[in-house]
Amino acid sequence: MLVVHVHVQVKPECVEDFLEATLANARASLQETGVARFDVVQQQDDATRFVLVEVYRNEEAPAAHKLTPHYQQWRDRVAAMMASPRSSVKYGNCFPADEDW
């Protein structure tokens with residue numbers, strides 16, 4: 001399992017559009033065989049900040065995700081909405097065990 005936290009800050013006037021585009025991408029991402037989970041969380045004290053919590057079944061799945069039409073549409077749609085470049089941090093899964101996913 002590979003867990004990726006993607007940190008995003010969007011322009012205040014783009015929050016609703018970003019959320020709409022991101023939820024569509026998340027729903028489509030859950031249909032990918034390599035994606036075990038895809039959460040979209042919004043910071044409570046700053047509505048412009050989000051973390052996308054992407055859980056992949058293997059090391060190859062993130063690259064496959066980036067080749068999908070829904071990801072590419074999301075990437076292009078939200079590019080101008082960013083207040084700063086997005087960043088990501090990769091984590092290894094400790095619990096639950098892989099077979100629980």
Matching residues in segment 59-82 - criterion: being of a type outside the set (D, E) and either exposed (fewer than 13 other Cβ atoms within 10 Å of the Cβ) or at pLDDT below 95 (or both): A63, K66, L67, P69, Q72, A79, A80
Qualifying residue in segment 24-31 (condition: in a loop (DSSP other than H, G, I, E, B), among the small types (G, A, S) and modelled with pLDDT of 95 or more): no
Output for segment 35-58, where each listed residue is more than 13 Å from the chain's Cα centre (by Cα) and crowded, with 17+ Cβ neighbours inside 10 Å: T48
Scan of segment 33-58 for residues that are hydroxyl-bearing (S, T, Y) and closer than 12 Å to Q9 by Cβ, ordered by number: T48
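The values are calculated or read from the model by the stated rules, or taken from the named source; none is laboratory data. All values reported here derive from a predicted model rather than from experimental measurement. Cβ sites come from the backbone with ideal geometry, for glycine too, and all protein chains shown count toward neighbours.
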